[in-house]
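Engineer: The structure's right below; bear with me while I get my questions together.
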Protein chains: 2
Amino acid sequence: MGETKHRTLTDALKAEILSNKYAASRAIPSETQLSRKFRVSRTTVRKALDALHHEGWIRSVRGRGTFVTRQGAARKIGLVVPGVSYSEFFPPIVDEISRLTRDSGYTLLLGNAVDRRPEARARQTISFVRDFVAEGVAGVVYQPIEMIADAEKANRAALSILDAAEIPVVIIDSDFTKSPRRSGYDVVGIDNVAAGMSVAEHLMSLGVTKIHFQSRPLCSASVSDRRSGVIAAMSAFGAFSRNFRDFKAEPDDIAALKAHLKRGRPEAFVCGNDTAAVRLKISLEKLGFRVPDDIRLVGFDDVKYAKIVTPQLTTVHQPCEKIAEVSFRRLLARISDPSLQPCTISLPADLVVRASSGQPMSSAKKKL
Amino acid sequence: MGETKHRTLTDALKAEILSNKYAASRAIPSETQLSRKFRVSRTTVRKALDALHHEGWIRSVRGRGTFVTRQGAARKIGLVVPGVSYSEFFPPIVDEISRLTRDSGYTLLLGNAVDRRPEARARQTISFVRDFVAEGVAGVVYQPIEMIADAEKANRAALSILDAAEIPVVIIDSDFTKSPRRSGYDVVGIDNVAAGMSVAEHLMSLGVTKIHFQSRPLCSASVSDRRSGVIAAMSAFGAFSRNFRDFKAEPDDIAALKAHLKRGRPEAFVCGNDTAAVRLKISLEKLGFRVPDDIRLVGFDDVKYAKIVTPQLTTVHQPCEKIAEVSFRRLLARISDPSLQPCTISLPADLVVRASSGQPMSSAKKKL
DNA sequence: AACGAGCACTTGTCACTACAACTTTTTCGT
DNA sequence: ACGAAAAAGTTGTAGTGACAAGTGCTCGTT
């Protein structure tokens, strides 16, 4: 089997195309020229070109020649993330997208906005996107900017640059518009409303009724969806009105937490994500509350230290690798057919029950 | 261009494969046999077979022969719907799926459960699914059974038959498990939670605060999601506690409606779907209430008569053709790669504002 | 200067040949 | 009767040759 002549020729041509040897407007060497250059028959050249054609690298016009297609010319993919180290959500995504791009013969351009100040990250993102357009990427995987005042406007600004260049985009994690509005791009992530519902249903199944939701002042659309899910589930149980309350503050803000608890103590805190949950746990302990004995705690994302902290954190697993894989496949599909209907693709997110959500109420009451 | 020899040969072979002339276990005639039979050179035969190979109809083994693949052998798609005439949602779906299957060289087997009694439709569905397995379909588009007591169990029973035969399934409209649970199959539809939120936000933007949600006693998962969306949006406005109420009854049940209204009149009714909304309108008028002057009304689905009735019905558009198209594409993708990650694909559903949701409150109050 | 015929070049189709690599069946020696 | 070798089948690779069909340029005629 091994290396056949047409196989080596296909690979050689792919490599030449990848190295930008051929402009998209000019034809590549003709079949007879190739057959002379590589010392093979025209039959073999045609077989190699057929393979490239089927894989979408080239297209031929009788009488004129063979040309490199847009996909063939621009086998680069851009990935925009607001700081890889900023959340445990990103590293596995970057890894997986890197692997997939290489496997598909693409080159990955990473636009990693690293700056402590969110506003600076927004500016960086814009400049990354401009670079991507200049580099002629075939498509972009985009993680929206969050945690700034006018996040939607900033995201629109970045994405409109890609739109103008007719570059396909797939958004990962969560749309940058608050539900029920949509941005009009493909979005790949988990169903955050459903995730919120599972958490609330789990707590209520333990007999918990007083549930407070912690979120930071400028929270992302995904956190806001999780909150909606908690509310929807509590309402379905008729347990909403007096039992739900928002704690909208930084989880480290002990003064705010003290003030919040003075107005009524919840049986459980649901936090916008695991990072916040762990920080809130520390704040609670500083105020003398134990988790889960005094107050139960649940987060989202299932980051690594969720099962390292004591008590281990009940959370909702975020399938990062799957999100990366599905979003990349979707981007390839959209590159080859830009007329695809924009849609939201949500993957299963399983509830992971650990110690921080505590035991059923009856036994908990015995302890008191 | 017209008909070339290798083209006509590919088409002839496709037709022969479709007519089940070749068993999957036996090889099709060898290249030399085909070249004699069709009086063309082996080169031409190979070109035709190459095309069929690229389209996934056949696979060849050196020394043994060329075989029809599973996809090639079973180019049939099954479609299960619980009564085409039962909702305006189904006819465009059936039309679109028919068109797409034919365009892709598939034959459509329609499993249309028609019976007044929902339990009978469940039994019919099971028998359709058995037929599909016997016919060896390559995949099934499945609209879940609704409106019966143990709908989930019935759907599981039908789908487990397909699972046992390893036949890919795509569910359309909405999953048969109540959120946040998932069935584990691909689901293509709209985001019903978001749809509910848009409706509630629209009403609240008109100044409406008292919103009641009508749903039938055995409602589908989609209706229950829409309800969750309404609740979530109202809660976000802090307008939930005393202003939301469920009206869980048949929209024709005038006695129940009278009793419901006695306990407090809403400013607007949101109904589980348009059919229910139109029926509720008639009931309201029988009790002397005008729509939208006395009580506003909103539905879901944007069925044809939503803009024929007086007043025209405010609703959320259900993109049936798109749902059909996306689900069919997804099914094809899953047939060629069964290891794909199951996911929920939701399409944009736009709010269609018409007369039944009325004018902003200020002007409405002047009328009173 | 404008036009058209012809030419050189491109890809597309088709035929025939030869051999390699592999599998199944047959044959032949033991 | 059995087993190994040979034969006859299959697909895969590679080459040669010829012509058809389409494009673009040149050159000669008007």
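Derivation of every value follows stated rules applied to the coordinates shown; laboratory data play no part. In this text the structure is predicted, and so the values were computed from the model without any measurement. Positions of Cβ are backbone-derived with ideal geometry, glycine not excepted, and every protein chain shown enters the neighbour counts.
Engineer: Beyond 21 Å, what percent of the Cα pairs of the range B:5-72 remain?
Structural biologist: 12 percent
Engineer: If I model a spin label as a point 7 Å beyond the Cα along the Cα-Cβ vector, how far apart are those points for B:R46 and A:M147 in nm?
Structural biologist: 6.0 nm
Engineer: For chain A, give me the percentage of DSSP beta bridges that are antiparallel, rounded to the nearest 5 percent.
Structural biologist: 20 percent
Engineer: With axes computed from alpha carbons, what is the tilt in degrees of helix A:192-205 against the longest principal axis of chain A, rounded to the nearest 10 within 0 to 90?
Structural biologist: So the helix axis and the longest Cα principal axis differ by about 30 degrees.
Engineer: Where is the GNM fluctuation largest for chain B (alpha-carbon springs, 10 angstrom cutoff): B:T107, B:T32, B:T344?
Structural biologist: Of the options given, B:T32 has the highest mean-square fluctuation.
Engineer: Using only the Cα atoms of the range B:62-168, build the gyration tensor, take square roots of its eigenvalues as a ≥ b ≥ c, and label the shape rounded, prolate or oblate: rounded if a/c is under 1.5, else prolate if a/b is larger than b/c, else oblate.
Structural biologist: oblate
Engineer: Further question on the same structure: Using Cα-Cα distances under 8 Å and only pairs 6 or more residues apart, what relative contact order does chain A have, in percent?
Structural biologist: 15 percent.
Engineer: Normalised by the residues of the range B:5-72, what does the relative contact order come to in percent, with Cα pairs under 8 Å and at least six apart?
Structural biologist: Normalised by residue count, the contact order of the range B:5-72 is 39 percent.
Engineer: Ordered shortest first, which distances in nm separate the 7 Å Cα→C-beta label point of A:R64 from those of the other copies?
Structural biologist: 4.5
Engineer: Starting from the Cα gyration tensor of chain B, multiply each eigenvalue by 5, take the square root, and state the resulting semi-axes largest first in whole Å.
Structural biologist: Each semi-axis is √(5λ); the values are 52, 20, 16 Å.
Engineer: On to the next question. So for the range A:111-192, what percent of the C-alpha to C-alpha distances run longer than 19 Å?
Structural biologist: Of all Cα-Cα distances in the range A:111-192, 33 percent exceed 19 Å.
Engineer: A further question on this structure: Under a plain spin-label model, where a point goes 7 Å from the Cα along Cα-to-Cβ, how far apart in nm are A:V114 and A:Q359?
Structural biologist: 4.7 nm
Engineer: Going 7 Å from Cα along the Cα-Cβ axis for the label, what nanometre distances separate A:L18 from the same residue across the other copies?
Structural biologist: Label-point distances to the other copies, shortest first: 4.0 nm.
Engineer: Amide H of B:I190 versus every other amide H placed in the peptide plane: which residues, excluding those fewer than 5 positions away on the same chain, fall under 5 Å?
Structural biologist: For B:I190, the qualifying residues are B:L347.
Engineer: Quantify how strongly other chains surround peptide A:340-352 by giving the mean number of their Cβ atoms within 10 Å of each of its Cβ atoms.
Structural biologist: 5
Engineer: Express in % the proportion of alpha carbon pairs of the protein assembly as shown at distances exceeding 32 Å.
Structural biologist: Here the tail beyond 32 Å accounts for 61 percent of pairs.
Engineer: Residues with beta-carbon under 9 Å from that of B:A324, excluding B:A324: net charge, scoring Lys, Arg +1 and Asp, Glu -1? The partial results should precede the final answer.
Structural biologist: Details: positive: B:R99, B:K322; negative: B:D95, B:E96, B:E321, B:E325.
Taking every Cβ under 9 Å from that of B:A324, the sum is -2.
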